[in-house]
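*Asks:* Could you have a look at this structure, given as structure tokens, before my questions?
The values are calculated or read from the model by the stated rules, or taken from the named source; none is laboratory data. Note that the structure is a prediction, hence the values are computed from the model and not measured. Neighbour counts run over all protein chains shown; Cβ positions are idealised from the backbone, glycine included. Keep in mind that these areas ignore ligands, DNA and RNA; they rest on the heavy atoms of the full protein, side chains included. Shrake-Rupley method; radii C 1.70, N 1.55, O 1.52, S 1.80 Å.
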Amino acid sequence: MQIAVLALQGAFIEHEQMLAKLGVSTIELRQKSDLAKSFDGLIIPGGESTVQGKLLRELDMLNDLKARIKNGLPVFGTCAGLILLAKSIQNDERTHLATMNIVAVRNAYGRQLGSFYDECAFEGIGKIPMTFIRAPYIGSVSEGVEILAEYHGNIVAARQGNQLVTSFHPELNDDLSVHQYFVDMVQKTIK
Ligand code: GLN
């Protein structure tokens with residue numbers, strides 16, 4: 001198994017370290033030619049969704065990745081990655097990959113409350129650490145989306161088939177369970 005990590009901007013190294021701890025090898029996607037490499041799943045890291053979206057367009061990687069996700073490539077978006085996957089963004093005119101039936105609310109906790117940590121239940125795993133950094137949440141979900149975690153009534157993790165998103169950063173804590181959850185999703189697609 002090989003998992004690609006989108007490495008244009010943001011916290012991609014931390015995801016690679018988590019996967020290394022799980023014994024999964026990774027490749028970095030930095031330019032269009034990297035898309036020719038072989039990978040079974042994709043992680044889109046946290047960072048700045050507007051910057052990542054702009055780079056995906058400029059580097060001509062957006063449409064290729066969008067088509068692969070629509071074709072069933074397992075994808076895990078954290079924070080900005082969640083925003084990139086959202087079909088609709090409440091406070092932004094521009095969408096990006098737009099493959100998941102969720103409405104993302106950017107900077108949903110306000111700019112004042114930049115970053116915070118808590119523990120909260122995740123469906124099928126139990127209580128896990130959650131680090132939020134200028135985090136979005138999911139304002140609403142539609143067809144095919146399963147809610148996996150809610151924090152104080154706001155949706156912070158969800159899945160739609162091959163697509164997994166969290167508004168928090170599981171790569172910034174020692175707990176490997178969400179990455180393991182994604183690796184299990186990828187494993188099921190490998191024959
Ligand atoms: N606020 C960022 C955005 O809108 C996301 C923050 C993050 O990824 N930590 O893209």
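*Asks:* Which one of 142, 49, 88 has the biggest mean-square fluctuation once the chain is modelled by GNM with Cα springs under 10 Å?
*Replies:* 142
*Asks:* At 1.4 Å probe size, what's the solvent-accessible area of residue 179? Round to the nearest 10 Å².
*Replies:* Accessible area of residue 179: about 0 Å².
*Asks:* Please name whichever of 185, 116, 73 sits farthest to the positive end of the charge dipole of the chain, dipole taken about the Cα centre and charges placed at Cβ: Lys and Arg +1, Asp and Glu -1.
*Replies:* 73
*Asks:* Output wanted: per-residue J couplings in Hz (rounded whole) for the stretch 42-59, from phi through Karplus 6.51 cos²θ - 1.76 cosθ + 1.60, θ = phi - 60°, x for Gly and Pro.
*Replies:* 9, 10, 10, x, x, x, 10, 4, 5, 5, 5, x, 5, 5, 4, 6, 4, 8
*Asks:* Using unit Cβ charges (K, R positive; D, E negative) and no other charged atoms, how large, in debye to the nearest 20, is the dipole of the stretch 81-191 about its Cα centre?
*Replies:* Result for the stretch 81-191 is approximately 320 debye, rounded to the nearest 20.
*Asks:* Now for a different question. Rounding to the nearest 20 debye, state how big the charge dipole of the stretch 1-131 is about its Cα centre with +1 on each Lys and Arg Cβ and -1 on each Asp and Glu Cβ.
*Replies:* The calculation lands at about 280 debye.
*Asks:* Still on this structure: What is the gain in length, in nm to one decimal, between residue 70 and residue 120 on full extension, counting 0.36 nm per residue of separation less the C-alpha to C-alpha distance?
*Replies:* Contour length minus Cα-Cα distance gives 15.0 nm.
*Asks:* Pairs of alpha-carbon atoms within less than 8 angstrom and 6+ residues apart define the contacts here; what relative contact order does the stretch 33-163 have, in percent?
*Replies:* Result for the stretch 33-163 is 20 percent.
*Asks:* Students sometimes get this wrong: rank 177, 38, 25, 167 by accessible area, probe 1.4 Å, all chains present, largest first.
*Replies:* Reading off the accessible areas and sorting them downward yields 38, 25, 177, 167.
*Asks:* Next question, about the same structure. Which of these, 103, 51, 178, has the largest mean-square fluctuation under a Gaussian network model of the chain (Cα springs below 10 Å)?
*Replies:* 51
*Asks:* Now, a different point. Of 161, 41, 53, which has the largest mean-square fluctuation in a 10 Å C-alpha GNM of the chain?
*Replies:* Sorting by GNM fluctuation, first place goes to 161.
*Asks:* Evaluate the distance, in nm, between pseudo-label points positioned 7 Å from the Cα of residue 1 and of residue 31 along their respective Cα→Cβ axes.
*Replies:* Roughly 3.0 nm, to one decimal.
*Asks:* Where does the chain land on Rg(C-alpha)/(2.2 N^0.38 Å)?
*Replies:* Working it through for the chain, the quotient is 0.92.
*Asks:* Apply 1/(1 + (r/R0)^6) to the Cβ-Cβ distance of residue 98 and residue 188, taking R0 = 41 Å, and write down the FRET efficiency to the nearest 0.05.
*Replies:* E between residue 98 and residue 188, to the nearest 0.05, is 0.95.
*Asks:* How large is the accessible surface per residue of the chain, computed with a 1.4 Å probe and reported in Å² as a whole number?
*Replies:* Roughly 44 Å² per residue, with all protein chains present.
*Asks:* Please report, as a whole percent, how much of the solvent-accessible surface of the stretch 1-111 comes from carbon and sulfur atoms (probe radius 1.4 Å).
*Replies:* For the stretch 1-111, the apolar C and S fraction of the accessible surface comes to 45 percent.
*Asks:* Apply 1/(1 + (r/R0)^6) to the Cβ-Cβ distance of residue 90 and residue 51, taking R0 = 25 Å, and write down the FRET efficiency to the nearest 0.05.
*Replies:* The pair residue 90/residue 51 has a calculated efficiency of 0.85.
*Asks:* Another question, if that's okay. Under a 1.4 angstrom probe, counting protein chains only, how are 106, 57 ranked by accessible area, largest first?
*Replies:* These residues rank, largest area first, as 57, 106.
*Asks:* Straight-line reach from residue 37: which lysines fall under 19 Å, measuring Cα to Cα and dropping same-chain residues less than 8 apart?
*Replies:* Here the lysines satisfying the reach criterion relative to residue 37 are 66, 70, 191.
*Asks:* Quote the FRET efficiency, to the nearest 0.05, computed for residue 9 versus residue 174 with a Förster distance R0 of 25 Å and r equal to the Cβ-Cβ distance.
*Replies:* The value I calculate is 0.55.
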